[in-house]
Amino acid sequence: MNIEQIYTGCLAQGAYYIESEGEVAIIDPLREVQPYLERAKRDKAKIKYIFETHFHADFVSGHVTLSRETGAPIVYGPSAKPSFEAIIAEDGQVFPLGKLEIIALHTPGHTMESTTYLLRDENGKDHAIFSGDTLFLGDVGRPDLAQKAANMTQEELAATLYDSLRTKIMPLADDVIVYPAHGAGSACGKNMMKETVDTLGNQKQMNYALRADMTKEEFVKEVTDGLLPPPQYFPLNVKMNKEGYDDIEDVIERGAVGLSPEAFETAANETGAVVLDVRHQSDFAKAHIPRSIFIGLGGSFAPWVGALIADVKQPILLITPDGKEEETITRLSRVGFDGTIGFLKGGLEAWIAAGKDTDSVTSMDAEAFKVHVEAKAPIFDVRKETEYNAEHLEDAHLTPLDFLNDHLAAFPAKDTFYVHCAGGYRSMIAASILKSRGIHNLVDVAGGFGAIKKAGIKTTDFVCPTTSN
């Protein structure tokens, strides 16, 4: 028996490769399927099944392409209704894999088709569960994403999830290993642990949602409390996962078109494309194409694209570091953004050499920022509400990056104001968005809240995030 977790940090997503006796099952594959094909070839094994825990909202699965490449059937849980051919498993249905068995446990609540896959070893012992978004480490899946499709309220979905956990998962032995679909950083839960594998016994001890004495009413209240609106691209990814999508190789071929500065400018004007700059934030600050949006490859790139650009059909033009064009298009496609129409050949250097205009972002280190804090200058914190509640500058206004467009009226029209996040990545995204909307009287605090703390600037008393809700 061989189990491999293939974890993609920028998406906080776990896919799984399970092999026994030359037969392979893939669970929740990423859209680019070549790594799974190569791994199976290396093992001299055949991919037998492609299991989907649910219709993923925050990434486009590779199930359709992988099935076409291998002939392996796609397996969903009860009540799933994809537009393509698939096995719709019955609750408790057994799928043999070499000397192993994989059992479909229908665990609705996050979505109604959500299914946990239980792996039994060659001795018939329960070994692991692949829990999708039903059970995370430290949390459970949010119950508000499938309300429209299920014709249920989030409270009704949460109550369903309570029953699923207590009838299908919690009765399993404590030594069963939990392999979730997501970890810390995903928008599918609230309190996920940074670890990506744990035992069910430990989760029963420390996961608030698995408390043995928890009533259904308490569960519903705690699971639905503090849920932020989901990113707008989520339902669009669900649609692609249910109905199918273009092959990623076709998406790359369409998008990996190098454009001269003149052709790039013409394409931007004629198509209304978003000009997306994915270089490092310090490079963007020094010089960038006016009205371009910064979302750097070095951070949680794809989720921020999804949250801030939202429309997966939006045409996109890229400014990338040299050689990063294909990687950028691939990472965009993971969350359904297939509309890349080209990149700036030669990068910003070519743009400047062609005599085109550039813009910049004024940036200031934390030591220099001290003076402006003391002078009560306007300060805007673009971190998440939980980060702000834990600790912040005393006079800072909270304007979370996720909802920056809701706060545009809060920024001064003329007076200089200061923007910071935790480390400098999100504040540069915010700066680019504000400048694209004609708001230029801003200064970015380099290094963010981390640098602010090191500089000894006074902040509020720290409150542990676990007690600040």
Taking a ≥ b ≥ c as the square roots of the Cα gyration tensor eigenvalues, with a/c under 1.5 meaning rounded and otherwise prolate when a/b beats b/c or oblate if not, region 330-386 comes out oblate
Distant alpha-carbon pairs in region 262-396 (separation over 22 angstrom), percent:
47 percent
Which whole-angstrom value gives the distance between the alpha carbon centres of region 140-191 and region 207-227?
11 Å
Check cross-link reach from residue 216 to the aspartates and glutamates: straight Cα distance under 12 Å, and skip same-chain residues fewer than eight apart.
155, 156, 163
Local net charge near residue 82, Cβ-Cβ under 13 Å (Lys/Arg +1, Asp/Glu -1)
-1
When the convex hull of the Cα atoms of the chain is projected onto a plane and the area is averaged over all directions, what value comes out in nm²?
23.0 nm²
Partner lysines whose C-alpha sits under 26 Å from that of residue 48, ignoring same-chain residues fewer than 8 away, are 81, 99, 125, 168, 239, 242
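What percentage of the solvent-accessible surface of the chain, computed with a 1.4 Å probe over protein heavy atoms, is contributed by carbon and sulfur atoms?
Solvent-exposed carbon and sulfur of the chain make up 50 percent of the total.
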Here the percent of antiparallel bridges among DSSP beta bridges lying wholly in the chain, to the nearest 5, is 50 percent
Signed unit charges on C-beta, dipole axis of region 311-396, positive-most listed residue 316, 341, 329:
341
Which residue, 92, 130, 109, has the largest displacement toward the positive end of the dipole of region 80-154 when charges sit on each Cβ (Lys, Arg +1; Asp, Glu -1)?
109
Accessible surface, the chain, averaged per residue in Å² (probe 1.4 Å):
42 Å²
Cα shape, region 207-318, gyration tensor, a/c 1.5 rule
prolate
Net charge of Cβ neighbours under 9 Å - reference residue 137; Lys, Arg +1; Asp, Glu -1
-2
Using only Cα atoms, find the angle between the long axis of helix 261-271 and the longest principal axis of the chain, and express it within 0 to 90 degrees, rounded to the nearest 10.
70 degrees
Sum up the charges of everything whose Cβ sits under 12 Å from the Cβ of residue 363, counting Lys and Arg as +1 and Asp and Glu as -1, but leave residue 363 out.
-2
Enumerate the amide H contacts of residue 379 below 5 Å, restricted to partners 5 or more residues apart or on another chain; note that Pro and chain-start residues carry no placed amide H.
397, 418
Sequence neighbours fewer than 8 away in the same chain don't count; with that in mind, list the lysines whose C-alpha is under 17 Å from residue 458.
370, 376
Given the -39500 (n - 2.57) contribution per DSSP H run of 4+ residues, what per-residue ellipticity at 222 nm results for the chain, rounded to the nearest 500 deg cm²/dmol?
-8500 deg cm²/dmol
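The values are calculated or read from the model by the stated rules, or taken from the named source; none is laboratory data. It should be emphasised that the depicted structure is a prediction, and the values quoted were computed from it without experimental measurement. Cβ coordinates were reconstructed from backbone atoms using ideal geometry, including for glycine residues, and neighbour counts include every protein chain displayed. Please note that ligands, DNA and RNA were not included when accessible areas were found on the heavy atoms of the full protein model with its side chains. Shrake-Rupley method; radii C 1.70, N 1.55, O 1.52, S 1.80 Å.
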